[in-house]
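Data first, discussion second: the structure below is written as structure tokens.
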2 protein chains.
Amino acid sequence: MTTSETPTDNGVNVQALLDARTALTDAPEAAQFTWRASNQWLRGTHSRSAITGFFGLGAEHNHRSSWSFDADHPEVFASEDNGPTPVEYVLVGLASCLTAGVAAVAQNRGIQLNAVKATIEGDMDVLGILGADPDVRNGFNGIRVHYEIDADATPEEIEALVAQSQKRSAVYDVITNPVNVTVEVA
Amino acid sequence: MTTSETPTDNGVNVQALLDARTALTDAPEAAQFTWRASNQWLRGTHSRSAITGFFGLGAEHNHRSSWSFDADHPEVFASEDNGPTPVEYVLVGLASCLTAGVAAVAQNRGIQLNAVKATIEGDMDVLGILGADPDVRNGFNGIRVHYEIDADATPEEIEALVAQSQKRSAVYDVITNPVNVTVEVA
């Protein structure tokens, strides 16, 4: 482990998060968040989603910007590939959640990060979504995430960062454990 | 139900999908796909993901374009809100998957869609990710999807479209059922 003379600065305000933990423990109703997206069909398998705001700390919030995301199926599925597939958005969510966690945990542990890169792969047997084999699931058979991390820390400390990030990751939980989804039509 | 004199055209090539189902049933190794993303930490909880290609039909494929997605935490978490939160990307994935399915199923059933809109909300108690309460999960407590669909069909037929889309949705499966995720560090 390299001891640095400058304070660890990964750009995460850990003190604010620790303060929030204390404040929200005392006011648990403020910890109830609702995240949202809207989606509009364009044509074929092509749709556009928008993200603008969310609810939390007892109030509505707008993001600093609004974002729009096209999704589509690829040409090998006879579609026009106007955007990533929906399952690729899930991979983006998982990778970005784990990486944010690595940075936050590293800051909390006084470990300076120099570079963090991840690759993520999800295997899928498309006989499931095609309805060709009822024994094949529609979603991923499994997901593999591979991190390369340059930090002022030992390999064991770096492994522990990633393990703690998994332990606190919202998207890791959503993917590895069941979530109830209700779908209704107006 | 309105009977249209023009053929149903939702922009989905259902015949190609039915042909693919037959072909892949005869050559199941070609049905094994791997979807990918890469992710790079920028600073704080801000990271950037890229989507460029995937494996399927026994070969590597590039998407028609490459896409880049910034993710971050919002200002209420003492972050800079440089992109949607990772969990919002998961909502984009679910909504876009279900909408693509509605279009494909409608085409297969000869139902003309005129407009499809969805809103999606995921509830989360952030005491989980803050590590404040071990009995609170990190991910969504539940997700609600609400569709508004204008189609040349009865309300019952429209409900059935959405139900069938759920039944074949990859992302719905990933979220409602467990997926194994392995994370390793180089």
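Observations on the structure shown:
- Accessible-area composition of chain A, carbon plus sulfur, in percent [1.4 Å probe]: 47
- Highest average packing first - A:60-67, B:8-15, Cβ atoms within 10 Å: B:8-15, A:60-67
- Near-label residues of segment A:22-62 by backbone N, under 17 Å of a point 7 Å along Cα→Cβ of residue A:186: A:37-42, A:48-50
- As an equivalent ellipsoid, the protein assembly as shown spans semi-axes of 37, 23, 16 angstrom, where each value is the square root of five times an eigenvalue of the C-alpha gyration tensor, largest first.
- Across peptide B:23-30, the average count of Cβ atoms from other chains found within 10 Å of a residue's Cβ is 3.
- Computed over the alpha-carbon atoms, segment B:96-152 gives an Rg to Rh ratio of 1.26, Rh here being the Kirkwood radius from the mean inverse distance.
- Mean Cβ neighbour count within 10 Å, used as a protection proxy, ranking B:98-105, B:121-128, B:159-166, B:132-139 highest first: B:98-105, B:121-128, B:159-166, B:132-139
- Take every pair of alpha-carbon atoms less than 8 Å apart whose residues are at least six positions apart; their mean separation over the length of segment B:123-172 yields a relative contact order of 24 percent.
- Computed E for residue A:135/residue A:114 - FRET, C-beta separation, R0 41 angstrom, nearest 0.05: 0.35
- Per residue of B:143-152, other chain Cβ atoms within 10 Å of the residue Cβ number 4 on average.
- Per residue, the convex hull volume that the Cα atoms of segment A:1-133 enclose (Å³): 189
- Size descriptors for segment B:50-101: radius of gyration and Dmax over Cα atoms are 14.8, 46 Å.
- Relative to the dominant Cα principal axis of chain A, helix A:14-26 is inclined by about 70°.
- Reduced Cα scattering model of segment A:83-186, Debye log10 I(q)/I(0), q = 0.15, 0.18, 0.25 Å⁻¹: -0.72, -0.91, -1.36
- Spatially proximal lysines relative to residue B:117 (Cα-Cα < 27 Å; intrachain offsets below 8 disregarded): B:167
- Average Cα contact separation per residue, segment B:38-186, under 8 Å, 6 or more apart, as relative contact order %: 17
The values are calculated or read from the model by the stated rules, or taken from the named source; none is laboratory data. Not measured: the values here are computed from a predicted model. Here Cβ is always computed from backbone atoms with ideal geometry, including for glycine, and neighbour counts include all displayed protein chains. Side chains are part of the model used for accessible areas, which takes the heavy atoms of the whole protein and leaves out ligands, DNA and RNA. Shrake-Rupley method; radii C 1.70, N 1.55, O 1.52, S 1.80 Å.
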